[in-house]
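**Q** Quick one: the structure is below, questions incoming.
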Amino acid sequence: MTPEQFRQHGHEVVDWIADYWSRIESFPVRSQVSPGEVRAALPPAAPERGEPVSAILADLDRVVLPGLTHWQHPGFFGYFPANTSGPSVLGDLVSAGLGVQGMSWVTSPAATELEQHVMDWFADLLGLPAAFRSTGAGGGVIQDSSSGANLVALLAALHRASRGGTVRHGVEPDRATVYVSAETHSSMEKAVRIAGLGSDAVRIVEVDENLAMRPEALAARLERDVARGYTPVLVCATVGTTSTTAVDPLAQLGPICQRYGVWLHVDAAYAGVSAVVPELRPLQDGVEWADSYTTDAHKWLLTGFDATLFWVADRAALTGALGILPEYLRNAVTDAGTVVDYRDWQIELGRRFRALKLWFVVRWYGAEGLRAHIRGHVALAQELAAWAEADERFDVVMPHPLSLVCLRPRWADGVDADVATMTLLERLDDGGQVFLTHTTVNGSAVLRVAIGSPATTRAHVERLWALLRENHDWLATDFAA
Ligand code: PLP
């Protein structure tokens, strides 16, 4: 493809994306295809001859779109959101067009320095501790996912706990312990497995009635483990748990971690970005105790996947765990130690120029635009919660400090509540106007409404609320019959 052909077809593709966004509400939110249907629409073998872009675009409409669940649909209320936006796509397009690989400073200095700079901007925007700035002992880096960030945090913590011993001797699977709660994201346990510790190393700390980790339970477990000769390595505290957005109390957990010399990792994958709004920062009081922190701009901050913002207070622990310098990567500035080589901050060697999309996003919206985005969703969620609290058909379950509201429908005595709730969920999702997911709280099913799609307005939340009530009434009658 010549640059001129790229220019022409690039315009067509951008038009196609803009048209998709304009007509997104005409699609059912959840894909309605059956397993295997997408593949059955594709030719069995790769094309022998090249095809025109028009044929590829036609197949996007014919094959791909029906097989999508439309995460940017304003009726998407499932899981946590996966935002994208015009400036994010444009930044990613530039990154793809430049095609540089930023594994080391020398392989594209701008890729490293823009990332350092943007990460410092975001540390400021989120009110994170000074220790996380690149100007101090720490620094920020964009990871592929919070799952990846949880893993590198653990590797850094193991490095610190072993005083560097893991690099030569590996981990001590029978001694090292890691502290989570039952609400911690599953990626932390996966990280424990990948690190070679095995799930016996995981200590599940008790939670309170709001599903937040109990500091005194953590302290008791640490004390007992230390007395029995274990080496506590990492505590994973969550700000905004996946199930219900419970918030572990950092201000109380922090001093306990410090007392036992344990690495405090804060997983704020979804909720962390809310700190762009100053009045929401108290949720993260105590964040200055954190040794590392992760939040996903690709969930709720208008930036397309993958854009995990990860900071450490002491970058030497991270680079000590992950740094490696084969001869073929040696160069004068690396040898002189005057630059950051981000390959030493992550699992992979190669890395895309991901800072560009964040830079486009923050420059297009400005801090005030980011704040308006978060504030708007939080306000809508609070409204929905108020409507549900005032309605005899629903209970609002658990605190809802941000934009996730968990609703438990009420059913008549004798009705199996979980079956009825899951039937309600299926009816709503089958209807195509909205898409919700569920979780369980204290053993029973609840509906999760995560408000976070950039296109969602008050009218969409009102529509969801109407559908919830209508379908509840219909099912209540049906179950009574
Ligand atoms: N941590 C928490 C608290 C999450 O809610 C999630 C996903 O929802 C993750 C980690 C994993 O995020 P990612 O998809 O970026 O790996």
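Just so it is clear, none of the values below were taken in a lab; they were calculated from the coordinates. Predicted model, so just to flag it, every value in this text is computed and none were measured. Counting neighbours? That spans all protein chains shown, and the Cβs are built from the backbone with ideal geometry, glycine included.
**Q** Loop only by DSSP, 11 or fewer other Cβ within 10 Å of the Cβ. Give me the GluC sites (Glu not before Pro) in segment 200-238 that pass, ordered by residue number. Please report the intermediate quantities before stating the final value.
**A** On the way: sites: GLU206, GLU209, GLU216, GLU223; in loops: GLU206, GLU209.
In loop regions of segment 200-238 (DSSP not H, G, I, E or B), the sparsely surrounded GluC sites (Glu not before Pro) are GLU209.
**Q** Need one number: % antiparallel among DSSP beta bridges in the chain, to the nearest 5. It would help to have the intermediate numbers written out before the result.
**A** Working: 25 of 42 bridges.
Once the DSSP bridges in the chain are tallied, antiparallel ones form about 60 percent.
**Q** Highest first, please rank the peptides 245-256, 57-68, 359-370 by the mean number of other Cβ atoms sitting within 10 Å of their residues. Could the numbers behind the result be given before it?
**A** Details: 245-256: 21.8, 57-68: 14.0, 359-370: 17.2.
Output ranking for 245-256, 57-68, 359-370: 245-256, 359-370, 57-68.
**Q** So which trypsin sites (Lys or Arg not before Pro) in segment 251-355 are both in a DSSP loop and have at most 12 other Cβ atoms within 10 Å of their Cβ? Don't skip to the answer; put the middle values down first.
**A** Values: sites: ARG259, LYS299, ARG315, ARG330, ARG343, ARG351, ARG352, ARG354; in loops: ARG330, ARG351, ARG352, ARG354.
Counting only loop positions with at most 12 other Cβ atoms within 10 Å, the trypsin sites (Lys or Arg not before Pro) in segment 251-355 are ARG330.
**Q** With r defined as the distance between the Cβ atoms of ALA336 and ALA367 and R0 fixed at 35 Å, what FRET efficiency is calculated, to the nearest 0.05?
**A** Numbers: r = 36 Å, r/R0 = 1.02.
Once rounded, the FRET efficiency stands at 0.50.
**Q** In sequence order, what are the phi-derived ³J(HN,Hα) couplings for segment 5-21 according to the Karplus relation 6.51 cos²θ - 1.76 cosθ + 1.60 with θ = phi - 60°, rounded to whole Hz, with x for glycine and proline?
**A** Each residue's phi maps through the Karplus curve to give 5, 4, 4, 5, 6, x, 4, 4, 5, 4, 4, 4, 5, 4, 5, 4, 4 Hz.
**Q** Separate question: Full extension from ALA417 to GLU48: what is 0.36 nm times the residue separation minus their Cα-Cα distance, to one decimal in nm?
**A** Numbers: separation 369, 0.36 × 369 = 132.84 nm, distance 5.56 nm.
Between ALA417 and GLU48, full extension yields an extra 127.3 nm.
**Q** Explain nothing, just the number: relative contact order of segment 93-174, from Cα pairs under 8 Å at least 6 residues apart, as a whole percent. Numbers along the way, then the final one.
**A** On the way: 48 pairs, mean separation 11.6, N = 82.
This gives 14 percent for segment 93-174.
**Q** Which ³J(HN,Hα) values, rounded to whole Hz and listed in residue order, are derived for segment 425-438 from phi using the Karplus coefficients 6.51, -1.76 and 1.60 in 6.51 cos²θ - 1.76 cosθ + 1.60 with θ = phi - 60°, glycine and proline given as x?
**A** 4, 5, 4, 5, 5, 5, x, x, 7, 9, 9, 10, 10, 10
**Q** Given the rule -39500 (n - 2.57) for each run of at least 4 DSSP H residues, summed and divided by the residues of the chain, what is its mean residue ellipticity at 222 nm, to the nearest 500 deg cm²/dmol?
**A** Values: 16 runs with 205 residues, N = 481.
Value at 222 nm, helices only, nearest 500: -13500 deg cm²/dmol.
**Q** Here's a follow-up. Ranking request for peptides 29-42, 373-386: highest mean number of other beta-carbon atoms within 10 Å first, then the rest in descending order. Mind showing how you got there, number by number?
**A** On the way: 29-42: 13.1, 373-386: 19.0.
Descending packing order for the listed peptides: 373-386, 29-42.
**Q** Quick one: which residues, 5 or more positions from ARG203 or on another chain, have an amide H under 5 Å from its amide H? H modelled 1.01 Å from N in the peptide plane, none for Pro or chain starts.
**A** Here the answer is VAL178, TYR179, VAL180, since their amide H atoms fall under 5 Å of that of ARG203.
**Q** Whole-Hz ³J(HN,Hα) for each residue in segment 390-405, computed from phi via Karplus 6.51 cos²θ - 1.76 cosθ + 1.60 with θ = phi - 60°, x for glycine and proline: what do you get?
**A** Per residue, the Karplus-derived 3J(HN,Hα) values read 8, 10, 6, 7, 9, 10, 8, 9, 6, x, 9, x, 10, 10, 10, 10 Hz.
**Q** Is the shape of the chain best called rounded, prolate or oblate, per the rule: a/c under 1.5 gives rounded, else a/b larger than b/c gives prolate, else oblate, with a ≥ b ≥ c the square roots of the Cα gyration tensor eigenvalues? Write down the numbers at each step before the final one.
**A** Details: a/c = 1.81, a/b = 1.11, b/c = 1.63.
Oblate, because a/c is 1.5 or more while a/b does not exceed b/c.
**Q** Using amide H atoms built 1.01 Å from N in the peptide plane, name the residues 5+ places from VAL441, or on other chains, whose amide H lies under 5 Å from its own.
**A** Long-range HN contacts for VAL441: VAL446.
**Q** What residues qualify as long-range amide H neighbours of THR69, i.e. H under 5 Å apart, gap of 5 or more or another chain, H built at 1.01 Å from N?
**A** Excluding prolines and chain starts, which carry no amide H, the hits are SER31.
**Q** Moving on to the next point. Hey, what did segment 240-358 get for relative contact order, percent, Cα under 8 Å, at least 6 apart? Don't jump to the answer; show the numbers that get you there.
**A** Details: 136 pairs, mean separation 23.3, N = 119.
About 20 percent, as a whole number.
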